Amino acid sequence: MSEKKTKVVAESGKQDLWITREFDAPLRLVFKAHADPALFAQWYGCGGVRMDLKQFEAKTGGSYQYIQNMGGKDFSLFGSYHLVREDKIVRTSEFSGYPDRCLLDVTTFEKIDESHTLLRCHMIFQSLEDRDAMVKAGVEFGSVKSHEILDQILKEKL
Amino acid sequence: MVVNSLNRTFAALSDPTRRKIVTLLKERPATIHELTVPFSVSQQAISKHVVYLEKADLVEKKKVGREQYCQLKPEGLRLVSDWTEDFRDSWESRYQALDRVLEKMKKE
């Protein structure tokens, strides 16, 4: 598959992590893909895992809830939107696999030029333990690995 | 159990002095005395940190002649970085799906 472009910075001993990624698309499209439920559902579910958007109100004071099946069990990710702006989305987030460990998710979209955008996602946790639990959630709950997703995508193409 | 040892590794690396010790040992093995030089704490304090790192399976001690050297156990660190790799992989997959959605959007 293509080279890894996503950067993750999770410094040991810190309660936060940064995910950054560049996209070959104008800022307004990258924002729209985050704010429009029909578009969001097409990519957030890891390109192969079925995701059910039970709630999706991308506006200040709105709430969201997605159900995802991981390792044969249903898990939900839910929270509230604090701010939805074309250059910034701020929301709370809690994963049902780790109850009572809500985090703050601050995602910004920066214009690199007319057709390139930099996405930065800053996740701030209540404790170091919460941060580490989130990073290992994929391993612990058996979420789909990238090569499995590739297989699924290849199957779809055929 | 994999999960417990990850917790131990992260607890070990959650202290800035221990992180600095690991960074120094990445360059080359060192004695406790050598490790104490960059810090303003006692040799005893550094020794305690090293014991913590040994218990977390990140560092081991080896005798060379009359000196005892601390060195990194490569497997310990690889566990930590593999784990962040999985996390990054899953986000990269998600963002590659977003790449495809953005391509479709551009055509509209």
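Laboratory data are not the source of any read-out in this text; all were calculated from the coordinates shown. Because the structure is a prediction, the values reported are computed rather than measured. Please note: Cβ atoms are built from the backbone with ideal geometry, for glycine as well, and neighbour counts cover all protein chains shown.
Could you tally the net charge around residue A:94, taking each other residue with its Cβ under 11 Å from the Cβ of residue A:94, Lys/Arg +1 and Asp/Glu -1?
Details: positive: A:91, A:101; negative: A:100, A:105, A:130.
My count for the surroundings of residue A:94 gives -1.
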ask   = Among the lysines, which fall within straight-line cross-link reach of residue B:107, defined as a Cα-Cα distance under 16 Å, with same-chain neighbours fewer than 8 residues apart omitted?
value = A:32
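Across the residues of A:30-37, average count of Cβ atoms on other protein chains within 10 Å? Please report the intermediate quantities before stating the final value.
Details: counts 4, 0, 3, 5, 1, 0, 1, 0.
Per residue, the number of nearby Cβ atoms from other chains is 2 on average.
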key: 10 Å Cβ neighbours from other chains, averaged over peptide A:17-28   = 3
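From the cross-link list A:14/B:73; A:88/A:136; A:7/A:136; A:54/B:106, which pairs have alpha carbons spaced over 19 Å apart? Before the final figure, lay out each step's value.
Values: A:14/B:73 23 Å; A:88/A:136 26 Å; A:7/A:136 17 Å; A:54/B:106 27 Å.
A:14/B:73; A:88/A:136; A:54/B:106, as the Cα separations exceed 19 Å there.
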Packing rank of A:5-13, B:23-31, B:45-53, where each peptide gets the mean count of other beta carbons within 10 Å, highest leading = B:45-53, A:5-13, B:23-31
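When Cβ neighbours within 10 Å are restricted to other protein chains, what is their mean count per residue of peptide B:15-26?
Values: counts 2, 2, 0, 2, 3, 0, 0, 1, 0, 0, 0, 0.
Whole-number average of other-chain Cβ neighbours for B:15-26 is 1.
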